[in-house]
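Heads up, the thing below is written out as structure tokens.
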Amino acid sequence: MQAVQLGDRVRVHYVKRFEDGSVTSSRGRTPLELTVGVPQPRLPGLGLALVGLVPGAITTVRVAAEDAYGPIKPARIRRWAHSRFPEGQPLRVGEWIPVLDRRGRRRRVRIQEVRDNMVIIDTNHRRAGQALELEVELISIRPRAEAEGQRPAAAE
């Protein structure tokens, strides 16, 4: 049976377990397709952990916060005027709410404090500062040559 090599395209299912106890999973959905050795935003820190595995194999990888969604950055705590929020929008401490940034992109921020004329928000990724555990099941392998549309080399 063929084992995964660097550069192969693979399909996987995954379960992510975070330090805060939350869990996300791809089970019940289409498997995620990725190239082994290329950083994957949905599975940060996976790296080369799939190299050598065969279809059906499951591996578990512990990913430090710095290699997952990064550390909490104090510079990403901001003070915004109340006028940046829609009038009448409830602003509850601890809640994540959708906002438009200065470039007009939708993003989510966490309300840290509400004052008379300003709101202190956290723009860090909601998983920043958390290590995670990735459980990854290898579903299938497409060797690099096939993925690039080339014919596999003949065995000698």
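The values are calculated or read from the model by the stated rules, or taken from the named source; none is laboratory data. Bear in mind that the values here come from a model prediction, so they are computed numbers and not experimental data. Ideal geometry is used to build each Cβ from the backbone, glycine not excepted, and the neighbour counts take in all protein chains shown.
How do the strands (runs of 3 or more DSSP E) wholly within region 68-123 filter down when requiring 2 or more residues that are in the same structural domain as G47 (by TED's automatic domain parsing), under 30 Å from Q40 (Cα atoms) and over 24 Å from the mean Cα position of the chain (by Cα): which remain?
Values: elements: 77-81, 96-100, 106-114, 118-122.
Hits in region 68-123: none.
Give the residue, chosen from R17, R11, that is in contact with a Ser or Thr (Cβ under 8 Å, 6 or more places away or on another chain), under 19 Å from E137 (Cα atoms) and surrounded by 12 or more Cβ atoms within 10 Å (Cβ to Cβ).
Going through R17, R11 in turn, just one is in contact with a Ser or Thr (Cβ under 8 Å, 6 or more places away or on another chain), under 19 Å from E137 (Cα atoms) and surrounded by 12 or more Cβ atoms within 10 Å (Cβ to Cβ): R11.
Answer with yes or no whether G70 is on the phi > 0 side of the Ramachandran plot, in contact with a strand residue (DSSP E or B) (Cβ under 7 Å, 6 or more places away or on another chain), of a type outside the set (D, E) and surrounded by 14 or more Cβ atoms within 10 Å (Cβ to Cβ).
On the way: on the phi > 0 side of the Ramachandran plot: yes; in contact with a strand residue (DSSP E or B) (Cβ under 7 Å, 6 or more places away or on another chain): no; of a type outside the set (D, E): yes; surrounded by 14 or more Cβ atoms within 10 Å (Cβ to Cβ): yes.
In short, no.
Could you check region 35-60 and list, in sequence order, the residues that are crowded, with 18+ Cβ neighbours inside 10 Å, among the hydrophobic types (A, V, I, L, M, F, W, C) and in contact (Cβ under 8 Å) with a residue 60 or more places away in the chain?
If the condition is that a residue be crowded, with 18+ Cβ neighbours inside 10 Å, among the hydrophobic types (A, V, I, L, M, F, W, C) and in contact (Cβ under 8 Å) with a residue 60 or more places away in the chain, then L43, L46, L50, L53 are the ones that fit.
Looking at (1) surrounded by 15 or more Cβ atoms within 10 Å (Cβ to Cβ); (2) farther than 27 Å from V23 by Cα; (3) modelled with pLDDT of 95 or more, can you tell me which one P143 breaks?
(3)
Please go through (1) over 30 Å from M1 (Cβ atoms); (2) surrounded by 11 or more Cβ atoms within 10 Å (Cβ to Cβ) for A81 and return the number of the only condition it doesn't satisfy.
Exception for A81: condition (2).
Restricted to region 93-124, and to residues that are touching a residue at least 24 places away in the same chain (Cβ under 8 Å) and surrounded by fewer than 17 Cβ atoms within 10 Å (Cβ to Cβ), which residue is nearest to D20 (Cα to Cα)?
W96
Step by step: first the residues of region 25-34, then only those that are surrounded by fewer than 16 Cβ atoms within 10 Å (Cβ to Cβ) and assigned to a strand (DSSP E or B), then the one that is farthest from the chain's Cα centre (by Cα). Which residue is that? Explain how you work it out, then say what you get.
Step one: filter region 25-34 for residues surrounded by fewer than 16 Cβ atoms within 10 Å (Cβ to Cβ), giving 25, 27-30, 33.
Imposing the further condition that a residue be assigned to a strand (DSSP E or B) reduces the set to 25, 33.
On the way: S25: 11, E33: 14 Å.
Among those residues, the one meeting the criterion is E33.
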